[in-house]
Every structure is written in C-alpha cells, then in structure tokens.
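Values in this text are rule-based calculations from the coordinates and carry no lab data. Keep in mind it's a predicted model, so treat the numbers as computed, not measured. Here the Cβ is made from the backbone with ideal geometry for all residues, glycine too, and neighbour counts use every protein chain on show.
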2 protein chains.
Amino acid sequence: MRGNVIVGQSGGPTAVINSSLAGVYKTAKERGANKVYGMLHGIQGLLEEKYINLSEHIHNELDIELLKRTPSSYLGSCRYKLPEINQNENIYKQIFIILQKLEIEYFFYIGGNDSMDTVKKLADYAQKINSSIRFMGVPKTIDNDLAVTDHTPGFGSAAKYIGSITKEVIRDGLVYGQKSVTIIEIMGRNAGWLTGAAALSKCEDCEGPDMIYLPERIFDIEAFVKKVEEKQKTKESVVVAVSEGIKLADGRYVCELNDTVHEIDAFGHKALTGTSRYLADVLTERIGCKTRAIEFNSLQRCASHIVSRVDITEAWQVGGAAVKAAFEGETGQMVILKRISNDPYQCTTELYDLHQIANIEKTVPQEWITATGDYVTPEFLSYVRPLIQAELTPIMVDGLPRHLYYSNPW
Amino acid sequence: MRGNVIVGQSGGPTAVINSSLAGVYKTAKERGANKVYGMLHGIQGLLEEKYINLSEHIHNELDIELLKRTPSSYLGSCRYKLPEINQNENIYKQIFIILQKLEIEYFFYIGGNDSMDTVKKLADYAQKINSSIRFMGVPKTIDNDLAVTDHTPGFGSAAKYIGSITKEVIRDGLVYGQKSVTIIEIMGRNAGWLTGAAALSKCEDCEGPDMIYLPERIFDIEAFVKKVEEKQKTKESVVVAVSEGIKLADGRYVCELNDTVHEIDAFGHKALTGTSRYLADVLTERIGCKTRAIEFNSLQRCASHIVSRVDITEAWQVGGAAVKAAFEGETGQMVILKRISNDPYQCTTELYDLHQIANIEKTVPQEWITATGDYVTPEFLSYVRPLIQAELTPIMVDGLPRHLYYSNPW
C-alpha cells in the first residue's frame, strides 16, 4: 500500500477538468494509493484545511463516468497566487504542516499557467526542506496557452463547442433576408486559440465566419468597419468572430472603450467583456445596419453536453500519467502532450520541468494568422481539427445531462 | 397525382422548425404531391417570386435526416404583416396570381402567432374569391405562446437546452468560494414559458436557480435585491433566471432602464436585451458582490446540437398532419397538439380554426407561478418535463454537427 494522495483544481474550469480528476483518482487507487483527498478551492482551501476524502463521494464506476462528464471544477477552484518563498516562508510552512498531518506523499494540481506557478513553488520548497512529498502539475485550460505541451486538455472541447455553435449562429443569421452583422465574442485574453477555432465551422455545409480577429494582432477599428462594408457588397449576413482580448494600437483593450466596470483578479487580470457589444454599436452608428452581439460567455468552459472524445480522453490520460510518474519518483514536473502525428492523429504524454512552463504564455504563431490579420490559416486548422474529433455522450436522465452531485459544505 | 404544394417558414426560427418542413415535404411526396415548392423568406419572398423546388435540394433519405437536424429556418424567414384584405386587396391579388402561376393547390405556413395571422387572412381571401387553394398553419415557436394547442413545437427543445445549460452555469458558479450572483437572461417577451424552464435544472444533482422571474408578474427591483441578500445568508453562489420581458409596475421593461438602442420590428415589437446586465449592475452597486450577466441569446432558438426527441418528432408530425388534412380537403386550420395524458405522456394532433388562434398570446397561468412570484410551481414542471424527453443525436462529421447545405441565391 502506498501513502496518501491529495489533488486540487485551480484557475478557470473546463468542460473536461473533472476527467483529469477522475484519471488521477482512478489511477492512484488502482496503483495502491491509500487515501485520495481532494482539496476544496485549490491551495487556498487547503490553507483553511478544507478537503474531502474522494472515496466518500465516488462510490462506483458509474460515479467515475458521471464525474468525467461533470462540468466545472468538482472540487471548486481558486485564483490564489503563492508568494515567493523568500517573501513569506510561513505560508509554505503552514501548507506542509497540513500535508504532513494528512500524511500526504503525492500532490497533484490540475490547472493552467498560474496554477503551474503554484506547483513549481511547492516543489521548490519541498526540495529546500528535503521533503519527500512529490508535486506534479496536470495541465488544463480552455485557452491552450500553456508552454511546451502540444495543446492543453479542455481546449479541444471548448473548440468543438465554439465550432458547433458558430455553425448554428451563422445559420441563424441567414434567416431574415436583410443586411445584418453578427459579432461573436470568444474567450482568450492574450491567446487567440479559441477565437481561431470559430474557423472550424467553415466546412462543406457552412461558409464559416467572414472575419476572425485574434489578440495576437493589433485591432484597427477603421479597417474592421471597411472590411464589413466590403463583405456586405456580396452577402447579407456578415458574421465576425472577435477575441475578448483584442487591443488597439495604443494598448487599450477594445472593451475598455465601453464604460463598463472592470474587475481585477488576484493575478492582476482585468475582466474583459463587452467587446462585441461595443463593435456592434460602432457598426450601427457607422453603417446603420442591424447588428447582434453574442457573447459565448462562460458556457465555453462548462458546456459538458458537447465534449470532444479526444479531449476528454486526453484529460483523463494526463491525470493518470501524473500519478504514474509521481509514484515512480518524479516531482516538479508537468505532464505534457506530445503530438506524434497529425494524420492519423497520435499523441502521447511526457514530463517536463515546471520551471520551463509556469508563467509562460503560448500564443498563436504569427504565421498561422493571415497576412490581412483577419483569419487563421489552414495550418492552424490542421492543428486544431484532430482535437475536436468524436464525442462522449452525456448520461441523460429525465431529459437532462446528469452530473456527479456534490454539495460543498463550506 | 395531386397538384403542387408550397411551404414557407415565418417568424423566429427554432431548433426543430426544419423537422416540420421535412414532415411537410415527405408527407406531401408520399401522398402524391407533384411539385413541392419552398418560398424563400416566407410570404415576403413569395411576393418577390422567390421560391425553390425542394426536390432539387432534398435528394435522398439522408438529406431528410440532415434537414430535420438543421437549425434555423432552411427556407429563410420574414416578419411581414399582411394588411387587412379591405385595406389593400392588391397584395392578395398579387399573391394569388403567383400561386396560380405555380399551379399551387396546397399552401403550408410554419410559424407562430404573427404567421398564423397571415395564413388566416390568405384563407379568408381564398374563400372570398372562391379559390380552391387550401391554406394550413403549422405551429412553431420556442415561446410556446400559441393559443389552443397544448404546446408548440420548438418549445421542448429550447426548454431542454435551457435546462441543460442552466445546470452547467449553476455548476460553473460554484467554482470560486466567493459570494457571487449570476443573472441568466432568457427569451420570452410576454410569456414566461422558457424562463420557467430554467427550473427543470432543479433535480437530484442540482439545486436549480434560486429565483425565477417571469413577465407574467410585475417585477419589483427592491424585492429582488432584498431576496438576493436573503439568499446570500445561506449560500455563496446565487443564480437568478429572468425573462428578457420583465416589466416594472409603471409598464416599462427593465431593459429600458439601460440606455441601449431599441429596434422595433414590423409587428411593433421592441428588441429586448440588457435586462441581466442592468440587474447585475444594480447588484454590484447595491450589494457590492461579484456579478455575472449571461444572455442565453439566439442559441435558444438554434441549438440543434441538443434537441428533444419528443419535440423534433412532434414538429415532424404537425407538418405531416397539416398535409394529410389539406389533402383531405381542410383549409383555414392550424394543426394543434392535444395532450391525452401526462404520465405516460401521450399526445395527438387535431385541427383548429385559425380565427380562434391567430394573434392570441398564451401566457403562463398565474396559478403556475408561486405566490411570491419568484418561481414556478410543480404543476408547471409536470407540464414541461415530458416535452424535453430523449434526444435525437446530431449527425457528426469531422467533429461537428452536419446540417443540410443550402446557399440562398438571393
């Protein structure tokens, strides 16, 4: 029998983040872990000694299947930034006292950029104090902006959702025989992976969006209006996909041109919203045509009713691979996905030093954006398309997708 | 061999409006119709002689299956109000000249309230001039506000979509361990059927929304803020579903308190949007907590990737029943759905005089809304739940739902 395990989730949820949790749990149990704890609301909750014994909530194989299909972070999440070790060692001492009390030998943290920073610091501290606890990062983020890994679990399902509903919204835009412009607003602060995924909708039965604006390029409102006018010469319904994070040449976010309230989170990120509304209003004023602003909003990260089979399987695999590696002695590593081939799509897991991953953002390569800056290239689509393949059917009960129930006691 | 048939779609689309179109087409063909034309953009397009021969676009049984699963109105739609016959008889003469030119014997119109007004007037005019062309209405609307029929095709799928994503949004709201309020904005100008459907999410694995505000009751902002504060005493994440059409005691829409532009359509309806944003801003100011405004937007009417099997089947059936009745000599009627029993759910079609249906709005009965006016009763749910049962799997191609392609030449 091995020692105890603890696993947490951090940062924004994805539609498949619980598949990674299920992968960690099942693999740990199968490989002889004693107790598998789940920290509630990540490291922040752990500091308040909020955790559960996962075996009290996962009773059988059906529960595992339900957990995989449950949207949002089952254990709750946090956006908590650990201080540097030399700035406040007390927090680290506190965490390790709690971990020792629970007799933890393996620590898994499922998260994105900011969360990998947390695992890295904990692994560094463990080394500093000669602790034998092993710390492993499990990648997740819809934004696909983690360095080194070919892609990130969570991205494929978000891309599939965006591709699917973009097709539906484009159809919906065709319904009235009148000039109209639909602006679709897609998540992605600095990385345009998700916005680019709107181009997946361009296929045999759909023309796809007319323009796609990624945050990797400076956004020019004048050029945008001109391009819309140009498109309107040949078609009635124009559909434009924009990232919530597009910025003007002077560095301001387009959504900042609104007079909306902007929250700032623990990592200093502004809440971005209202880009599509602002641009729709500009078009109404300048062109005078009918406009619609559609925010794809938080459903991009919680639409578990339409996930990619490839993605949810890989989410499970990175969880399992992290457990396997930790049990074999690894620490301070993140599991990465390595694409072996595109066609047929083949992908395996490897390990990578967290120091070379944390806090580094991977954006869309400039060469995968067209010269005019308003679409993605075929190379971008060849990269994304394998990640949205196939489905994992929701378990439907009484007409609705069933999730694994858990009532957070705090 | 029978004569020619023409079919049109009008008003807002639904996720299953093309299942009715497929039902009309297939039944007409099977029962010996000669040509089946589709008018493009409803009666407005017909006046401009815009139509297609559907057999040139539906080639085989697979196309029928694709058409059923295609969102938005395949033939395009319109919001065109026919004048009274005595106000402008010329338009009627014009329409009948076109119908005679195409040798039309049967006319089917798939639509909601306003569209049934169109069919009624055309049937009246046919009677006036002793034309033998038969006019039949095929019900559709996500809003479920058509009179006489037990419910309306399109509503069940929209309700299933709303129930499903409300579950996902509620889960997503639980993720951070902090006080937050999520306001979900749901379609429905005067009828709260769709907003009430958010209550479907309350089941074994989900608490459902905390409050639900329908347009059938006057909305009191003070009572709303007080209720949110009260809920926050026992839970961190509060989720509220509101209809886009909720109004204050003085008759103003809540969304009119925003300074947004309001379009007005041909039927005099204002475009309603911004209710959730406004209420979220009120809460930020008054309570100071984190708020999110989520508009379920036009996906409510085009999310064909998650439809109700009951609904899409009934949508087909009302189309087929209209053809059968017209071929048997009926005119000036709409097909209605008559519920025989709730448990087990059984439902049949009947015919009803269009004069008693057109322009009458069916709202949620007051006794199906709680005394406090902020939730629906179990009776409401017993009525809705059978309509969201079972699924019709999308036909997935290369990772995305496939639709029947049609490029509108105009």
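Here are the numbers for the structure shown:
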item	result
Loop-located GluC sites (Glu not before Pro) in region B:328-410, at most 13 other Cβ atoms within 10 Å (DSSP)	B:Glu328
Among A:Thr370, A:Thr14, A:Thr182: highest mean-square fluctuation, GNM of chain A, C-alpha pairs under 10 Å	A:Thr370
Debye log10 I(q)/I(0) at q = 0.08, 0.11 Å⁻¹ for chain A, Cα point scatterers	-0.44, -0.80
Label-point separation, A:Lys338 to A:Arg252 (7 Å along Cα→Cβ), nm	4.7
Packing-based exposure ordering (other Cβ within 10 Å, fewest first) of A:Cys302, A:Cys255, A:Cys203	A:Cys203, A:Cys255, A:Cys302
Farthest positive-ward along chain A dipole, Cα basis, beta-carbon charges - from A:Met39, A:Gly399, A:Gln100	A:Gln100
Most mobile listed residue (A:Leu47, A:Leu400, A:Leu337) in chain A, GNM with C-alpha springs under 10 Å	A:Leu400
Label point 7 Å beyond Cα along the C-beta direction, distances from A:Asp220 to other copies (nm, shortest first)	5.7
Per-selection metrics, region B:168-252 (Cα): Rg and Dmax in Å	13.1, 39
Gaussian network model of chain A, Cα within-10 Å springs - most flexible of A:Gly177, A:Gly76, A:Gly32	A:Gly177
Virtual spin-label span in nm between A:Asp398 and B:Lys101, 7 Å along Cα→Cβ	5.6
Within region B:181-220, backbone nitrogen closer than 20 Å to the virtual label 7 Å beyond the Cα of B:Cys289 toward Cβ	B:181-186, B:199, B:202, B:206-214, B:220
Under-5 Å amide H pairs with A:Glu295, H placed in peptide plane, nonlocal only	A:Glu185
Directionally averaged projected area (convex hull, Cα atoms, the protein assembly as shown), nm²	34.2
Restraint check, A:Lys362/B:Lys290; B:Lys226/B:Lys247; A:Lys26/B:Lys179; A:Lys35/A:Lys101; B:Lys167/B:Lys235; A:Lys179/B:Lys68, Cα-Cα greater than 23 Å	A:Lys362/B:Lys290; A:Lys26/B:Lys179; A:Lys179/B:Lys68
Span from the region B:358-410 Cα centroid across to the region A:109-129 one, whole angstrom	46
Charged-residue dipole, Cβ positions (Lys, Arg, Asp, Glu), region B:157-302 about Cα centre, Debye nearest 20	240
Estimated distance in nm for a label pair at B:Glu61 and A:Ile218, the labels positioned 7 Å out from Cα along Cα-to-Cβ	6.0
Cut-off 9 Å between beta-carbons: net charge of the residues surrounding B:Pro153, Lys and Arg +1, Asp and Glu -1	-1
Cα-centre dipole for the protein assembly as shown with unit charges at Cβ (Lys and Arg positive, Asp and Glu negative), debye to 20	600
Tail beyond 18 Å, pair distance distribution of region A:158-302 (Cα, percent)	53
Whole-Å distance, taken between Cα centres, linking region B:204-224 and region B:19-96	39
Cα-centred dipole magnitude for chain A, charges only on beta-carbon of K, R (+1) and D, E (-1), debye, nearest 20	440
